[in-house]
Amino acid sequence: MAKKEEAKIKCSTFEEQECVIKDITDKINEAKGVQEKAIFAKELQGEVDVLLSCQNYEPTSLDCKNCHFIANLRRQTASLIIKAKELK
């Protein structure tokens with residue numbers, strides 16, 4: 001089986017947040033109900049906001065563009081989980 005290659009974003013803020021975000025994502029995946037998932041989704045939004053409001057953001061940097069793209073996808077995912085809780 002081939003080893004999965006992960007794209008590397010060269011940024012200390014991203015690397016730091018990535019560890020925290022991965023931990024929260026694992027908690028969301030392990031949570032049993034939508035109520036519990038929504039609690040972690042709100043945490044995820046907070047951590048994603050750190051990336052989206054980065055003081056060192058450079059609009060011409062490919063690493064920054066990729067970081068914001070990933071962060072926005074995660075924010076949308078967290079929003080969907082929170083909306084699912086509201087529909088329950």
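Any read-out appearing in this document is the output of simple, stated calculations on the displayed coordinates, not a laboratory observation. Everything numeric here is computed off the predicted structure, so don't read it as measured data. With ideal geometry, Cβ positions are generated from the backbone for all residues, glycine too; neighbour counts draw on all protein chains shown.
Below 8 Å between Cα atoms, with a sequence gap of 6+, how large is the relative contact order for the range 10-56 in percent? Reported as a whole number, the value is 44 percent.
Counting only C-alpha contacts under 8 Å and six or more residues apart, can you give the relative contact order of the chain as a whole percent? Kindly include the intermediate steps, with their values, before the conclusion.
Details: 70 pairs, mean separation 29.3, N = 88.
Computed over the chain, the figure is 33 percent.
When the C-alpha to C-alpha distance is required to be over 27 Å, the pairs from LYS10/LYS83; LYS8/LYS85; LYS10/LYS37; LYS27/LYS85; LYS42/LYS65; LYS22/LYS83 that qualify are LYS10/LYS83; LYS8/LYS85; LYS10/LYS37. Computed from point charges on the beta carbon alone (+1 for Lys and Arg, -1 for Asp and Glu), the dipole magnitude for the chain about its Cα centre is near 420 Debye.
Using a 10 Å cut-off on Cβ atoms, rank the peptides 73-84, 52-63, 34-45 from the highest mean neighbour count down.
Numbers: 73-84: 15.7, 52-63: 11.1, 34-45: 17.9.
Highest mean packing first, the order is 34-45, 73-84, 52-63.
Counting each DSSP H run of 4 or more residues in the chain as -39500 (n - 2.57), what helix-only mean residue ellipticity at 222 nm follows after dividing by all residues, to the nearest 500 deg cm²/dmol? Before the final figure, lay out each step's value.
Details: 3 runs with 64 residues, N = 88.
Counting only the DSSP helices, I get -25500 deg cm²/dmol.
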